[in-house]
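Right, one structure below, let's go through it.
Every number here is computed from the coordinates shown, using simple stated rules; none is lab data. Here the structure is a predicted model, which means the values were calculated and not measured. When we count neighbours, we look across all protein chains shown, and the Cβ atoms used for this are built from the backbone with ideal geometry, even at glycine.
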Amino acid sequence: MWMPSHSYRRRLSRGLTSLLLVVAAVIGVATPANAEDPVRLRTPIVAGTTVLGPLENTCTVGAVLKRNGPGSLLSPFMGAVRYLVLAKHCAPELGMEFTLNSVVIGRVSWLSATDDLELVQVAPEVTPPRGCYSSINGCYINSLARPRAVGQVILRGIGGERPVPMLPPASPAPGERFCTSGSTTGVNCNWIVYEGGTGRWREPGVAQAFATNAQGVDHGDSGGPVVSQQGQFIGIIQKGGGHGRVNIMQYMPVAELVLQLDHEFDIAPR
């Protein structure tokens, strides 16, 4: 009677583990939307997409990032993993889940130690090759991994709001108008840097802006993108001014975000 060797059993165990990881990614993060949905509820996920935290609280995706360095090139699966920048108060613990259209799209993988920021890891959609009858590991290695989030941002164009490419980081020039894109207030391109700022918000690593059209940010916009009118990544919405200061906003400049992430992430491909 044939008895499997120890090395064979070990290879089989590794293969089954790989298969289970792929199945978990596909089932746990199913494609949640179609072209009939409003732009902020569609997939792929972009900066400006509306997601729900674990308490059914609405939050806005601030940016879609991709890890750089050797670790991201280990496999097509790892290369297609994406990370969403969100407000930490939306889900303040590691492992907490976010949903889009009632489907889990990712889990918190990093929390800022000092600011209202976090990263949510989003696994790719995995499609095994057609007619895959080879070994389990062979099917896994040759599977097609498609990112569920891309490096775009929702801005207003002809016909209404639509995703456009998010361009490399920039800092607004004095007097330059720039934009926010929030789940609640939509696109507002009437912000300029508030040079003096309000005293109670003078904190290290953050900046202030005020809107010339007297429209501020609101609940649900938290963590949303701050971008130039052309789509250059400027920063992340931190909080609004509240009563009496509705047109004032605090945001984290992208340079501070990059610093906190140890330069390990870039804007994801479009």
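Among the residues of region 87-96, the ones that are outside any loop (DSSP other than H, G, I, E, B) and crowded, with 16+ Cβ neighbours inside 10 Å come to 2 in all.
Being of a type in the set (Gly, Ala, Ser) and under 18 Å from Ala145 (Cβ atoms) is a description that does not apply to Ser102. Once region 198-241 is narrowed to residues that are free of Cβ contacts under 8 Å to residues at least 40 places away in the same chain and of a type in the set (Val, Ile, Thr), the residue that is surrounded by the most Cβ atoms within 10 Å (Cβ to Cβ) is Val217. Ile248 passes every criterion in (1) touching a strand residue (DSSP E or B) at 6+ places or on another chain (Cβ under 8 Å); (2) on the phi > 0 side of the Ramachandran plot; (3) in contact (Cβ under 8 Å) with a residue 12 or more places away in the chain; (4) not hydroxyl-bearing (Ser, Thr, Tyr) apart from (2).
Just a yes or no: is a residue in region 260-268 closer than 14 Å to Glu118 by Cα and touching a Phe, Trp or Tyr at 6+ places or on another chain (Cβ under 7 Å)? Within region 260-268, one or more residues are closer than 14 Å to Glu118 by Cα and touching a Phe, Trp or Tyr at 6+ places or on another chain (Cβ under 7 Å). Scanning region 151-178 for residues that are surrounded by 22 or more Cβ atoms within 10 Å (Cβ to Cβ) and part of a strand (DSSP E or B) returns Gly151, Gln152, Val153, Ile154, Leu155, Pro163, Phe178. Pairs linking a residue in region 88-106 that is farther than 21 Å from Pro44 by Cβ to a residue that is of a type in the set (Gly, Ala, Ser), with Cβ atoms under 8 Å and 6 or more positions apart or on different chains, are Lys88/Ser112; His89/Ser222; Leu94/Ser109; Met96/Gly53.
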